[in-house]
Structures are given as structure tokens and as C-alpha cells.
Amino acid sequence: MKTNDIGLEVKDTLVLVEKLNKLLANYQVYYQNLRNFHWNVSGPNFFELHAKFEELYTTANESVDEVAERILTLGGRPFSSYGEYIENSSIQEAKEVHDSKEMVSITRDNINTLLDLEREALEAASEQGDEGTVTLMSDYITAKEKIVWMLSAYLR
Ligand SMILES: [Fe+2]
């Protein structure tokens, strides 16, 4: 059995690295969508949404770095170019969105896509006894579920 630097089986971690890279790619597009909304939001909810999108992209920025560095810790190479992100992201780039509620709705959908990927990664990590990745994904999932609840309340 070939193991990586942290003692996990390489064959298993390759599967996980692929999942984490997909998560990373989706995260990057989500991040840019939030910047788009932060900049272009307008209307009576400008101040709260402008600030909320900033809060979300700041958290996303930190998570992107954590996911990429987790991939490196597992012995993989994180996707590092826009081309790789676009190619591997199921989250679509938001183009010109004018309605602030639609921005919130897209954000919620994007977060739900990330949630699916995180649950998938958690399951794979759990099967491989990769407690570090399990904990990381678990924290992300808990935080995102709360945000989805808040965004849903906003949209009701
Ligand atoms: Fe700003």
C-alpha cells in the first residue's frame, strides 16, 4: 500500500483530490458571482446586500484557500487557473443580473451546489478515514446550511 506524507492511501486520496478540486472550481465561480453582486447590486436593499455579499465572498475566499491547501496536504495539485475553474465548475458564471432578489436566489442555488459537493467529499473522506477533510467539510456544511436558511427567509 502506497501512502502519502500524512499516511493515507494514495489510491484513495486521488479520488478525494478530484472531488475537492471540483469543489474548488465551483467555489471560485461562486466567489466571483458574489463579487459581481457586491458591485452591481442596486435598489432599496443596496446597503444590506452590498455588505452581505462582501461577507459571503470574504468567507468564500478563506475557504478556497483552505480547500486548495487541503488538496496539497493530501499530495494533490489544486486547480489554479481560471480555465480549469470554468471547465470543472457546474456553477455557472452570473452575467448581468439586475434584480437583487434574483442575486440572492442565485447565491442560494450556488451554495446548495457547494453543499452537495461538500457532502460528497465528506462521504468519500469518511470512507477513507480522512478525519481532517471530514472536519473541514463538516464545518463548511454546518455554516452553509445556516446561510441557506437565512437566504430562504429573505426570499420568502
Ligand atoms: Fe467593496
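Annotations for the structure displayed:
- Among the listed pairs LYS22/LYS52; LYS95/LYS144; LYS19/LYS101, those beyond 27 Å (Cα-Cα): LYS19/LYS101
- Between THR3 and VAL10, the built amide H atoms are under 5 Å apart, and every one of these is 5 or more places off in sequence or on another chain.
- On the principal axes of its alpha carbon atoms, region 1-53 extends 60, 15, 11 Å, with the longest extent given first.
- Surface analysis of the chain yields an accessible area of 55 Å² per residue, using protein heavy atoms and a 1.4 Å probe.
- To put it simply, the accessible area of region 81-156 at a 1.4 Å probe is 50 percent carbon and sulfur.
- Spread of Cα-to-Cα distances over 10 Å intervals beginning at zero, given as percent, for region 40-156: 11, 40, 33, 13, 2
- Mean residue ellipticity (222 nm) of the chain, computed from DSSP H runs ≥ 4 via -39,500 (n - 2.57), nearest 500: -27000 deg cm²/dmol
- Qualifying GluC sites (Glu not before Pro) in region 78-156, DSSP loop, other Cβ atoms within 10 Å at most 14: GLU93, GLU96
- Solvent-accessible ranking of ILE111, ILE147, largest area first, probe 1.4 Å: ILE147, ILE111
- For GLY75, net neighbour charge (Lys/Arg +1, Asp/Glu -1) across residues whose Cβ lies under 14 Å away: -2
- ARG35 - accessible surface, heavy atoms, 1.4 Å probe, Å² rounded to 10: 60 Å²
- A simple rule links phi to the HN-Hα coupling: the Karplus curve 6.51 cos²θ - 1.76 cosθ + 1.60 with θ = phi - 60°, which for region 91-108 gives 5, 8, 5, 7, 9, 8, 10, 9, 8, 5, 5, 5, 4, 5, 5, 4, 4, 4 Hz, with x for Gly and Pro.
- Global geometry of region 44-108, whether rounded, prolate or oblate, following the gyration tensor of its Cα atoms and the 1.5 cut on a/c: oblate
The values are calculated or read from the model by the stated rules, or taken from the named source; none is laboratory data. Keep in mind that what you see is a predicted model, and the values were worked out from it rather than measured. Because the Cβ atoms are built from the backbone with ideal geometry, glycine has one as well, and the counts that use them run over all protein chains shown. Just the protein is used for accessible areas: all its heavy atoms, side chains included, with ligands, DNA and RNA removed. Shrake-Rupley method; radii C 1.70, N 1.55, O 1.52, S 1.80 Å.
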